[in-house]
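No value in this document is a laboratory result; all are computed from the given coordinates. Note that the coordinates shown come from a computational prediction; the quantities given were computed from them, not determined experimentally. Don't worry about glycine lacking a Cβ; one is built from the backbone with ideal geometry, like all the others, and counts go over all protein chains shown.
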Amino acid sequence: MKTTKQLGIWMDHSVAYLMEYDKDGLSTATLQPRNDEADKSFNAHDESIIQNKEQNQLASFFKSISEVIGVYDEILLFGPTDAKTELFNVLKNDRHFENIKIELKPSDKMTDNQMHSFVNEHFSH
């Protein structure tokens, strides 16, 4: 019998906590978007450049997450912001993820223990 690989991801736009669920418990990893603070060669008042840079950083962040989750069968996306929905929309438009069950659940800011309990409760059913 094949074991289902399950991953819970609590995320906002600044961090993603990836929690792999299995019968032995949870293992957690953290991903953060790359921050290019060193690149200040543009005029900080040019709104379109700033917005474009933020969109590129967010796309890179989502790509980093998607590279990790491709080996899982079930994904739970949760967190307090729209980041989870934005990532979900990216994933559902990519055929590489069409066989992965992805669920969205709203949640507030959580401690590590609360996140672990949330993931355990979701996948233990």
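Using a cut-off of 11 Å between beta-carbons, work out the net charge of the residues near His122 (Lys and Arg +1, Asp and Glu -1, His122 not included). Show your work: numbers first, answer last.
Details: positive: Lys105; negative: Glu74, Glu103, Glu121.
Residues close to His122 contribute a combined charge of -2.
Using a ≥ b ≥ c from the Cα gyration tensor of the chain (square roots of the eigenvalues), is it rounded, prolate or oblate, where a/c under 1.5 gives rounded and otherwise the larger of a/b and b/c decides, a/b for prolate?
prolate
Would you please state which residues of segment 1-36 a label at Asn113 would reach in this model, taking the label point 7 Å out along Cα→Cβ and a backbone N cut-off of under 17 Å?
Correct set: 26.
Relative contact order, percent, of the chain when contacts are C-alpha pairs under 8 Å separated by at least 6 residues? Can you show the working numbers first?
Details: 161 pairs, mean separation 36.5, N = 125.
Relative contact order, the chain: 29 percent.
As a test of the formula, what do you get for the chain when each DSSP H run with n ≥ 4 contributes -39,500 (n - 2.57) and the sum is divided by the residue count, at 222 nm and rounded to the nearest 500 deg cm²/dmol?
-12000 deg cm²/dmol
Between beta-carbons, use under 12 Å as the cut-off and find the net charge around Leu77, counting Lys and Arg +1, Asp and Glu -1.
-1
Among DSSP beta bridges lying fully in the chain, give the percent that are antiparallel, nearest 5.
55 percent
What length, rounded to one decimal in nm, is gained on full extension from Ser64 through to Asn93, with 0.36 nm per residue of separation minus their alpha-carbon distance? Intermediate values should be presented prior to the final figure.
Numbers: separation 29, 0.36 × 29 = 10.44 nm, distance 1.62 nm.
That works out to 8.8 nm of additional length.
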